[in-house]
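Student: This is the structure I have questions about; it appears just below.
The values are calculated or read from the model by the stated rules, or taken from the named source; none is laboratory data. Keep in mind the model is a prediction, meaning the values are calculated, not measured. Using ideal geometry, Cβ is built from the backbone for each residue, glycine included, and neighbour counts are taken over all protein chains shown. Ligands, DNA and RNA are excluded from the accessible area calculation, which covers all protein heavy atoms including side chains. Shrake-Rupley method; radii C 1.70, N 1.55, O 1.52, S 1.80 Å.
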Amino acid sequence: MSPINNRLKDVIISLSVANFYNQDLGRLRLQKFIYLADIISLYWGIINNNRGHKTYKNGPYDVDIQNAVDVLAFRGFVSITQTNMKEDGSITGSYRITDVGRQLFDTMENNKLFKRRISLFKLIGVNIEQSGWNNLKALVYLEPTYCFNKVSGWGFRLDYSSLLSNDTLRILDGLKKMLVGSNDSYMNETDFTTLYFKLLTAKLHA
Amino acid sequence: MLDQIETVCKDPAVSIFNAFKSSKLRLATITKFLKDICVFLKTHQSDLAAMDYLIKLNFVSTETKTKLDSHQIINALENDSKIIEINQNLSIVSLDKIDSFSNSGISSFCLKNKCVCVFVHNGSDITIYVKGVPAKELNINYPLSLPRVNKRTARQSRDYKLAIMDFYNQRVKHNITEHWANKSKRILRGGKTEDVFQDELANWLDENISDGLVMSKVKKISKDETDIEIIAIGGNSYLIEIKWLGKNESNTSHDQPKIKDSIIQVKNYLKTDLKVLDSALVIYDGRDLEKFKQLKCIDSETNEWKQLKECLKQKVPIRSNCYVFFLISQSASVRKN
């Protein structure tokens with residue numbers, strides 16, 4: 001599956017989850033929502049063949065996500081709301097899942113292949129809802145992998161597919177070992193994701 | 001990044017997860033349970049006012065019969081059940097009693113039962129105990145505020161005599177009570193001199209006695225009016241009678257016989273009020289230091305206070321204590337002892 005096809009799924013799931021909380025996602029918030037899922041997808045056993053996000057001026061950015069959402073909008077699975085042209089000529093807009101897109105999501109939900117991915121995105125949604133959707137940007141800016149690599153300038157590829165380069169997973173793995181007790185002990189994905197958000201929100205209101 | 005990691009480690013849900021790692025408790029479940037409790041307390045804050053109680057967390061029960069609400073908590077407190085055990089459905093599992101809400105009391109209860117407890121005090125401050133260890137203190141309205149600081153002079157009703165000593169050391173000794181009309185001539189303020197001390201002491205006790213109700217100028221069935229009465233949670237009551245010695249600006253003066261009369265007065269109060277567990281006759285001495293020194297005592301702090309056993313052959317009754325506090329008028333640099 002090509003990276004853009006992979007992102008088609010992610011966009012459909014993200015916008016469906018956001019819609020559950022009555023949220024439309026703008027271009028940047030959509031990028032960030034998927035980024036938060038990408039960072040711990042390895043722990044969930046979800047191996048992506050994405051090219052991944054790069055550091056950019058408004059946080060991590062993956063061009064494949066933008067292309068995917070544009071394709072979905074063109075095909076009618078996603079609608080574009082609240083479009084606006086800013087003074088600098090850039091266009092802002094929010095994306096919302098359409099009824100057809102919702103049907104596509106329902107089909108995916110009934111397919112075992114997407115089960116884990118959908119569970120992960122749903123849990124990300126639960127945790128963002130608890131932290132506040134307006135904090136989505138702040139959560140990503142506090143995410144260790146991005147934090148450590150943003151100093152490399154724009155266009156630096158964030159490799160979250162390996163424990164060696166995914167700083168969040170390294171920190172969470174250390175915390176997990178400390179909490180659970182031994183190196184081999186298992187922490188289920190839900191608890192691991194809760195711990196992930198505890199790490200992200202730790203400095204949120206400080 | 002290290003401070004983020006430290007914050008995660010100090011998170012109460014993480015502490016609970018760590019303490020109960022063998023019981024397969026879910027971190028997400030604990031987080032939600034704690035959050036639900038905070039939301040409940042915030043929602044019912046006005047109903048529950050400043051009640052103190054302990055919530056014991058039960059992670060196993062799935063009972064849904066008795067939903068936790070303000071009425072249930074008030075009913076439990078009325079029946080002296082200050083421990084309310086609840087489950088994740090915010091349903092009451094059981095009620096229990098506890099002797100004391102001191103840190104050590106809660107801690108040992110929690111340790112003995114190997115459980116998680118949330119101590120709610122002043123209505124909005126909570127302390128989370130995990131297997132006896134205080135894991136987190138926070139205010140539900142201002143979660144980022146620093147933990148409440150224990151007041152240096154806070155006492156329990158039973159130690160009301162220490163609170164009287166504190167009052168002398170913190171206020172009277174330094175004339176914060178403004179009892180002198182003419183300090184150099186040792187003349188006390190006129191009018192109702194007794195009220196100067198009584199009002200200030202009543203305020204002090206009200207602010208510093210943590211587990212009781214302080215009442216001033218208490219009238220009961222008879223016409224007698226006692227100066228201050230403390231009624232502790234549980235029903236024990238303590239009586240305080242205040243007198244003064246020396247001269248005031250209205251030219252009234254009292255000397256040693258006043259102590260004797262006051263002892264008799266307290267004796268009579270105790271005869272009438274059989275429910276008073278203990279009492280204190282508190283006398284502020286504005287006479288010369290030499291006269292104060294002449295008082296025979298059983299315990300004392302040099303030139304500051306004395307505890308008398310008797311005065312002019314009048315013995316202090318069993319359920320009473322008589323303290324005479326010397327009113328210092330000279331500054332520390334002038335005093336010779």
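Student: Once both labels are modelled 7 Å past Cα along the beta-carbon direction, what's the B:Ser184-B:Asp199 spacing in nm?
Tutor: The two pseudo-label positions are separated by 2.8 nm.
Student: With just the Cα atoms defining each centre, how far is the range B:297-311 from the range B:1-60? Give it in Å.
Tutor: Taking the Cα centre of each part, the range B:297-311 and the range B:1-60 sit 51 Å apart.
Student: Here's a follow-up. Note down the relative contact order for chain B as a percent, whole number, built from C-alpha pairs under 8 angstrom at least six residues apart.
Tutor: Once normalised by length, the contact order is 10 percent.
Student: Also, quick follow-up: As an exercise, identify the trypsin sites (Lys or Arg not before Pro) in the range A:18-60 lying in DSSP coil whose Cβ has no more than 12 other Cβ atoms within 10 Å.
Tutor: When the trypsin sites (Lys or Arg not before Pro) of the range A:18-60 are filtered for loop state and at most 12 Cβ neighbours within 10 Å, A:Lys57 remain.
Student: Let me spell out the model: positive unit charges on the Cβ of Lys and Arg, negative unit charges on the Cβ of Asp and Glu, origin at the Cα centre of the protein assembly as shown. What dipole size does that give, in debye rounded to 20?
Tutor: About 800 debye.
Student: Where only protein heavy atoms count, and the probe is 1.4 Å, what is the accessible area per residue for the protein assembly as shown in Å²?
Tutor: On a per-residue basis, the protein assembly as shown sits at 51 Å².
Student: Further question: Let's see if you can work this out: charge +1 on each Lys and Arg Cβ, -1 on each Asp and Glu Cβ, no other charges. What is the dipole magnitude of the range A:3-204 about its Cα centre, in debye to the nearest 20?
Tutor: Rounded to the nearest 20 debye, it is 120 debye.
Student: Can you list the residues of the range A:151-190 with backbone N under 16 Å from a point 7 Å past the Cα of A:Asn67, pointing along Cα to Cβ?
Tutor: Output list for this probe position: empty.
Student: Please give the calculated 222 nm ellipticity per residue for chain A, where each DSSP H segment of at least 4 residues contributes -39500 (n - 2.57) and the sum is spread over every residue; nearest 500 deg cm²/dmol?
Tutor: Computed ellipticity for chain A at 222 nm equals -17000 deg cm²/dmol.
Student: Using a Förster distance of 56 angstrom, determine the FRET efficiency expected from the C-beta separation of B:Gln330 and B:Ile231, and round it to 0.05.
Tutor: 0.90
Student: Let me ask something additional. Using only the alpha carbon atoms of the range A:3-204, find the Kirkwood hydrodynamic radius as the inverse mean reciprocal pair distance, in angstroms to one decimal.
Tutor: When all Cα pairs of the range A:3-204 are included, the Kirkwood radius is 17.3 Å.
Student: Additional query: Peptides B:107-116, A:195-204, B:182-191: what's the order by average Cβ count within 10 Å, highest mean first?
Tutor: So the peptides B:107-116, A:195-204, B:182-191, ranked by packing, come out A:195-204, B:107-116, B:182-191.
Student: Let me ask another. Give, to the nearest whole percent, the P(r) tail of the protein assembly as shown beyond 33 angstrom, counting all Cα pairs.
Tutor: 59
Student: Another question about this same structure. Leaving ligands, DNA and RNA out of it, report the carbon-plus-sulfur percent of the accessible area of chain B at a 1.4 Å probe.
Tutor: 49
Student: B:Lys32 to A:Lys203: FRET efficiency via 1/(1 + (r/R0)^6), r the Cβ-Cβ distance, R0 22 Å, to the nearest 0.05?
Tutor: Calculated value: 0.50.
Student: To the nearest 10 degrees, how steeply does helix B:27-43 sit against the main Cα axis of chain B, on a 0 to 90 scale?
Tutor: Compared with the principal axis, the helix lies near 50 degrees.
Student: Another question about this same structure. Using protein heavy atoms only (no ligands, DNA or RNA), what is the total accessible area buried between A and B, 1.4 Å probe, nearest 100 Å²?
Tutor: 1900
Student: Taking each residue in B:21-28, count the Cβ atoms of any other chain within 10 Å of its Cβ, then average. What number comes out?
Tutor: That average works out to 4.
Student: Quick check on packing: order A:68-75, A:149-156 by the mean number of other C-beta atoms within 10 Å, highest mean leading.
Tutor: A:68-75, A:149-156
Student: If you take the beta carbon distance between A:Asp159 and B:Cys9 as r and set R0 to 25 Å, what does 1/(1 + (r/R0)^6) give as a FRET efficiency, to the nearest 0.05?
Tutor: With a Förster radius of 25 Å, E is 0.35.
Student: When the Cα centres of the range B:150-188 and the range A:6-47 are compared, how far apart do they sit, in Å?
Tutor: The range B:150-188 and the range A:6-47 have Cα centres spaced 65 Å from each other.
Student: So how far apart, in nm, are the two label points at B:Lys151 and A:Val180 if each is 7 Å from Cα heading toward Cβ?
Tutor: 4.8
Student: Calculate for chain B the 222 nm mean residue ellipticity that helices alone would give, adding -39,500 (n - 2.57) per DSSP H run of length 4 or more and normalising by residue count, nearest 500 deg cm²/dmol.
Tutor: When only DSSP H runs of four or more count, the value is -9500 deg cm²/dmol.
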